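K.L.:
Pasting in a structure now, in structure tokens, and then I'll have a few things to ask.
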Amino acid sequence: MSAGCVVVGVTPHQPDAVVLTAAEFAERFGVELVCAYVDAGNYPVDEDADGNVRSRPVDADAEDWPEGAFHSGMLARLPDLLDGCGLRWSTRTLAGDPAEALARLAQRLEASM
């Protein structure tokens, strides 16, 4: 991915306008839109070169330690919002404090916004 992408945090109940506005900026800048979902119930343990995070639950007593995953509802909704926009877009799964996770991703990807 080239430097200068636009990173936007996505949550299941936010207005579509958040993603669509970020898409407008990405289109104007001629860069990729990166939609990042942050699982605040997990903490990061490792990070891929592209910014995706492997994580574990904060609750150490959890019977299951599922890997953090992009919210399925958002993953299903994003193509409806973005596929007709004519821009490149991708998703990232993050963990931990949302502000810190998004800032870390933006820095790693050298985001313009």
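K.L.:
Looking only at segment 78-113, which residues are part of a helix (DSSP H, G or I) and basic (Lys, Arg)?
P.N.:
Arg104, Arg108
K.L.:
For Val18, only one of the following conditions fails: (1) over 16 Å from Gly86 (Cβ atoms); (2) touching a strand residue (DSSP E or B) at 6+ places or on another chain (Cβ under 6 Å); (3) at pLDDT 95 or above. What is its number?
P.N.:
Against the list (1) over 16 Å from Gly86 (Cβ atoms); (2) touching a strand residue (DSSP E or B) at 6+ places or on another chain (Cβ under 6 Å); (3) at pLDDT 95 or above, Val18 comes up short only on (2).
K.L.:
Consider segment 69-82. How many of its residues are open to solvent by less than 50 Å² (accessible area, probe 1.4 Å) and under 14 Å from Val8 (Cβ atoms)?
P.N.:
5
K.L.:
Those residues that are buried (at least 18 other Cβ atoms within 10 Å of the Cβ) and in contact with a Cys (Cβ under 8 Å, 6 or more places away or on another chain), I need them from segment 83-113; list them, please.
P.N.:
Trp89, Arg92, Leu109, Ala111
The values are calculated or read from the model by the stated rules, or taken from the named source; none is laboratory data. What you see is a predicted model; the values in this text were computed from it and never measured. Note that we place each Cβ from the backbone using ideal geometry, even for glycine, and neighbour counts take in every protein chain shown. These area figures cover heavy atoms from the full protein model, side chains too; ligands, DNA and RNA do not enter into them. Shrake-Rupley method; radii C 1.70, N 1.55, O 1.52, S 1.80 Å.
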